[in-house]
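Engineer: First the structure, which I've put down as structure tokens, then a few questions once you've had a look.
Taken together, the values in this text are just the output of simple stated rules run on the coordinates, not laboratory data. Keep in mind that this is a model prediction, so the values were computed, not measured. Methodologically, a virtual Cβ is constructed for each residue, glycine included, from the backbone with ideal geometry; neighbour enumeration extends over all protein chains shown.
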């Protein structure tokens, strides 16, 4: 099967004589091409063809007088050019923290999808249910609010029903290296996006300062990126690095540079002010922050964490803070042809933190629920 040729339609008019110029005899276009040759064409015939073709090239040295067509300029008033492809607009939102974070997502994300014309949204949901894990009910609510994919983390299965639910809904991902074997669900998946585009989303857990000795994240993500080259198998690739140490996140970011479109950190709940495009065209931010109440200790009501720091004694369990939430994350625009990030912006909307994002948004009044 011959490849489909797109672009400007070009007409070549062969040289003729004065006697031949009025006949307008034509030959068929070459197979598979959007061009044609017109033999012995007269001026009227050339004028008709300009309605179809963007460029007309005329060899007419022997034509004289009224049979010689006027000068033809290489302008494209009637050219049928392929539509210009818009960049893919991707939003990644950091750890959704408890009820305040869920409420902010439900109230704000539909508006962001419309106003920022988002093509794909990923969010981390591992703390969305009571600050520890994600229940199937809350997963459904986040997806209905406009998330295309939910990543988890080291608290992936703190809510036990998620062990079964993750196998039923492929839009929810757990880390690739969560367990050596037998972990339910997937750690990476290719998703469909508008315009026939495809987006790879993958997640890995770090090793430094984590509570469990997870396996090597570098060797976990490497074969996934090799199998899904950006700008080829997929138009964009997003990697969620869920770990404590900023140094480890940077190392993984550089390891993925030139292969992923976006590498963004989660887990620490504090947004870093380092959104950038690395040398290989990979967008990077060490931590996207959280979607939750920042009048807290990383999303938890501050009294109990402070008590434990000061006295070394626990009195009660941690509870998520319930104040007005800030949506924190990373916005990127990517080139379909190369998979590279062409624009990156930190996102902070609502709540206490200074506001940031690709464009101002008139947010609804905060509600709790």
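Engineer: If one puts a single equal scatterer on every Cα of segment 157-228 and applies the Debye formula without solvent, what log₁₀ I(q)/I(0) results at q = 0.15, 0.18, 0.22 Å⁻¹?
Structural biologist: -0.57, -0.78, -1.05
Engineer: Neighbour counts of other C-beta atoms within 10 Å: give me 291, 149, 243 arranged from fewest to most.
Structural biologist: Fewest-to-most ranking of 291, 149, 243: 149, 243, 291.
Engineer: Considering only C-alpha atoms, what is the centroid distance from segment 294-369 to segment 100-153, in Å?
Structural biologist: 13 Å
Engineer: Based on the alpha-carbon gyration tensor of segment 203-361 and its eigenvalue square roots a ≥ b ≥ c, which shape applies: rounded if a/c is under 1.5, prolate if not and a/b is larger than b/c, or oblate?
Structural biologist: Oblate, since a/c reaches 1.5 and b/c is not below a/b.
Engineer: For a footprinting-style exposure proxy, rank 111, 180 by other Cβ within 10 Å, fewest first. Write out the running numbers ahead of the final one.
Structural biologist: On the way: 111 15, 180 8.
Listed from fewest to most nearby Cβ atoms, that is 180, 111.
Engineer: Oh, and also: Determine, for 290, 322, the number of other Cβ atoms within 10 Å of each Cβ, and report the residues in order from fewest to most.
Structural biologist: Result, fewest neighbours first: 322, 290.
Engineer: Further, regarding this structure: Kirkwood Rh over alpha-carbon pairs of segment 88-349, then Stokes-Einstein at 25 °C and 0.890 mPa s: what D in µm² s⁻¹, rounded to an integer?
Structural biologist: 136 µm²/s
Engineer: Express the relative contact order of segment 206-357 as a whole percentage, based on alpha carbon pairs under 8 Å and six or more residues apart in sequence. Please list the in-between numbers first.
Structural biologist: On the way: 341 pairs, mean separation 31.5, N = 152.
In percent, rounded to a whole number, it is 21.
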